[in-house]
Amino acid sequence: MREVELREIATKVPTLNYDLSILEALKIFAEYGIYDLLVVVKDRKPLGVVSKRDLLIAQHRSDLKVGDITSSLPKIKTFKSSLDRLEGLFDFFTFNKKPLIVVNKDGTYAGLLFYHVLLHYFSGIREGTSPLFQKLRELFGTDAYFYNFYLKETKRFREEMGTARLEGLYKLLLENVKDHIEGNAFLSLEDGEVYVLSHKKVEEEKIKLLMEEFHREFSLLYGESKPVHVCGFCVPLKDVKSYEEFFSLNSQLKERLKSTPDVSFFIYHGVQPHVVVCEYKGREYIKRVIEKIKEDFKQILLKLKHSDKEMWEYVLQDAFKEYPYFEIFYIMSEKGVQISNNVINPRIKYPVKIGRKGADRSEKPYFKMAKEGDIYISEIYLSQATDDFCITLSSKFRYGDKFYVLAGDINYTEVHKIVKSYAFS
């Protein structure tokens with residue numbers, strides 16, 4: 001297998017001398033244009049990196065030099081390796097995706113190693129890598145577009161809500177992207193990103209709509225949590241000639257996004273990208289969506305109350321015609337014992353386990369909370385019936401001299417369809 005010299009896959013980001021003044025450094029940044037990050041060197045040996053943002057903050061300090069505000073990065077000496085042994089380098093990117101400084105054997109600067117550049121080279125010998133990236137080569141120089149979406153503030157969300165719910169958010173993002181962009185879409189949970197290859201140039205308003213819909217859905221699911229924002233960029237592939245150029249451009253655009261407003265999307269055309277900014281507006285719609293879902297659920301409860309008990313499963317089967325976003329209904333006694341089979345939406349194409357009468361649901365939150373009176377909407381959890389994320393609505397109702405509890409599950413990936421299905425005035 002062919003060996004690779006590490007410096008061969010390092011991106012030669014331009015350098016600044018450590019003793020330059022802040023204003024001199026800003027002039028050099030202006031000359032380079034697209035770069036928001038340059039390597040600081042002393043006697044050809046790298047000290048770290050400096051960003052344009054840091055220089056702008058310090059531009060009024062005439063006593064400072066570039067070396068005074070340089071941020072250090074891990075350094076690694078160049079070496080030769082077969083491609084299949086490069087996997088160990090991913091350990092350097094465990095906690096963040098900041099680049100590594102590659103140095104020659106004498107300690108002089110050789111380049112920056114970016115995560116996605118390494119990912120490309122490693123993908124040549126690893127089948128599990130995104131198949132989408134393997135299709136890029138044939139699209140270089142054509143009228144095709146690469147779209148990249150990811151989420152900000154995910155670390156805080158994961159700590160608050162857990163990894164499983166964060167993965168669910170990425171699945172929702174993927175569904176939104178598929179709805180708005182025609183092309184080959186792929187979700188990489190390892191990278192926390194959604195990629196699309198498309199032959200369509202998507203208008204800015206459509207990008208903005210995609211982002212707004214995700215934010216409304218997030219607010220519906222996690223109204224009390226701090227927002228998680230959608231970011232991303234689009235790269236026309238017509239002028240891209242190589243993988244290294246492509247990954248370098250991607251890294252530069254991500255650096256730019258770090259200093260933009262909370263949520264934004266770059267459309268890259270030529271030297272200067274322009275940005276779509278989408279404010280986080282979801283919450284004014286969410287109350288109306290929740291009320292509509294509750295109202296639908298009340299209508300189902302009303303029909304049960306006015307039907308013979310022996311007909312309840314048939315009533316629930318008919319409810320899917322009017323309320324197709326529900327995937328399962330089931331009824332429990334006042335003691336929490338399931339008294340109906342799982343009534344499953346016939347439109348569902350994925351496997352659903354058959355929940356039967358006699359199952360004890362008394363310890364489930366959706367049973368306990370339903371006994372409080374009002375309609376209860378659960379948090380996201382993993383459904384035993386579908387092995388997928390869902391939310392459950394539940395409420396008690398009286399029939400004869402006894403109380404019962406109706407529960408209805410909504411698949412997590414259906415949430416964005418619910419939001420879109422209602423027209424807001």
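When Lys and Arg each count +1 and Asp and Glu each count -1, what net charge do the other residues less than 11 Å away from Ser21, Cβ to Cβ, add up to?
Details: positive: Lys27, Arg61, Lys65; negative: Asp19, Glu24, Asp63, Asp68.
Net charge around Ser21: -1.
Heavy atoms only, probe 1.4 angstrom, no DNA, RNA or ligands counted: give me Phe403, Phe114 ranked by accessible area, highest first.
Phe403, Phe114
By accessible area of protein heavy atoms, probe 1.4 Å, what ranking do Met332, Met311 get, highest first?
These residues rank, largest area first, as Met311, Met332.
Just read off the accessible area of Ile9 with the full protein assembly in place, 1.4 Å probe, to the nearest 10 Å².
0 Å²
Amide H to amide H under 5 Å from Tyr399: which residues, 5+ apart in sequence or cross-chain, H placed 1.01 Å off N in plane?
Distant-sequence amide H within range of Tyr399: Tyr404.
Considering only DSSP states other than H, G, I, E and B, which GluC sites (Glu not before Pro) in the range 333-395 qualify as loop sites with at most 13 other Cβ atoms within 10 Å?
Within the range 333-395, the qualifying GluC sites (Glu not before Pro) (loop, at most 13 other Cβ atoms within 10 Å) are Glu363, Glu372, Glu379.
Could you give the nm distance between label points at Asp143 and Lys200, where each point is 7 Å from its Cα heading toward the beta carbon?
1.5 nm
Once amide H atoms are built 1.01 Å from N in the peptide plane, which residues 5 or more positions from Val13, or in another chain, come under 5 Å H to H?
Counting only residues 5 or more places away or on other chains, the set is Leu112.
Return the Cα extents of the range 137-222 along principal axes one, two and three, sorted largest first, each rounded to a whole Å.
44, 27, 16
Below 8 Å between Cα atoms, with a sequence gap of 6+, how large is the relative contact order for the range 136-204 in percent?
Details: 77 pairs, mean separation 28.5, N = 69.
Relative contact order here is 41 percent.
Loop-only check: which GluC sites (Glu not before Pro) in the range 209-242 are DSSP coil with at most 13 other Cβ within 10 angstrom?
When the GluC sites (Glu not before Pro) of the range 209-242 are filtered for loop state and at most 13 Cβ neighbours within 10 Å, Glu224 remain.
Taking only protein heavy atoms and a 1.4 Å probe, what accessible area per residue, in Å², does the range 162-203 have with all protein chains in place?
Per residue, the range 162-203 has an accessible area of 42 Å².
Give the cross-link partners of Lys258 among the aspartates and glutamates, using a straight C-alpha distance below 19 Å as the criterion and excluding same-chain residues fewer than 8 apart.
The reachable aspartates and glutamates, counting only those whose Cα sits under 19 Å from Lys258, are Asp36, Asp54, Glu153, Asp191, Glu193, Glu279.
What do you get for trypsin sites (Lys or Arg not before Pro) in the range 303-349 restricted to DSSP loop and a cutoff of at most 12 other Cβ within 10 Å of the site's Cβ?
Here the sparse-neighbourhood loop sites are Lys335, Arg347, Lys349.
Using θ = phi - 60° and the Karplus curve 6.51 cos²θ - 1.76 cosθ + 1.60, what whole-Hz ³J(HN,Hα) does each residue of the range 48-65 get, with Gly and Pro shown as x?
Running phi through 6.51 cos²θ - 1.76 cosθ + 1.60 with θ = phi - 60° gives x, 10, 9, 9, 4, 4, 4, 5, 5, 5, 9, 5, 8, 9, 5, 7, 9, 10 Hz.
Probe radius 1.4 Å, ligands and nucleic acids ignored: give me the carbon and sulfur share of the accessible area of the range 1-43 as a rounded percent.
Carbon plus sulfur share of accessible area: 48 percent.
Taking 27 Å as the cut-off for C-alpha to C-alpha distance, list the pairs among Lys42/Lys241; Lys171/Lys206; Lys42/Lys98; Lys298/Lys335; Lys309/Lys364; Lys12/Lys98 that go past it.
Working: Lys42/Lys241 33 Å; Lys171/Lys206 19 Å; Lys42/Lys98 21 Å; Lys298/Lys335 22 Å; Lys309/Lys364 24 Å; Lys12/Lys98 15 Å.
Beyond 27 Å between Cα atoms: Lys42/Lys241.
The values are calculated or read from the model by the stated rules, or taken from the named source; none is laboratory data. Worth saying up front: this structure is predicted, and the values here are computed from it rather than measured. FYI the Cβ positions are ideal-geometry reconstructions off the backbone, even for glycines, and counts take in every protein chain you see. The accessibility values were calculated without ligands, DNA or RNA, using every heavy atom of the protein model including side chains. Shrake-Rupley method; radii C 1.70, N 1.55, O 1.52, S 1.80 Å.
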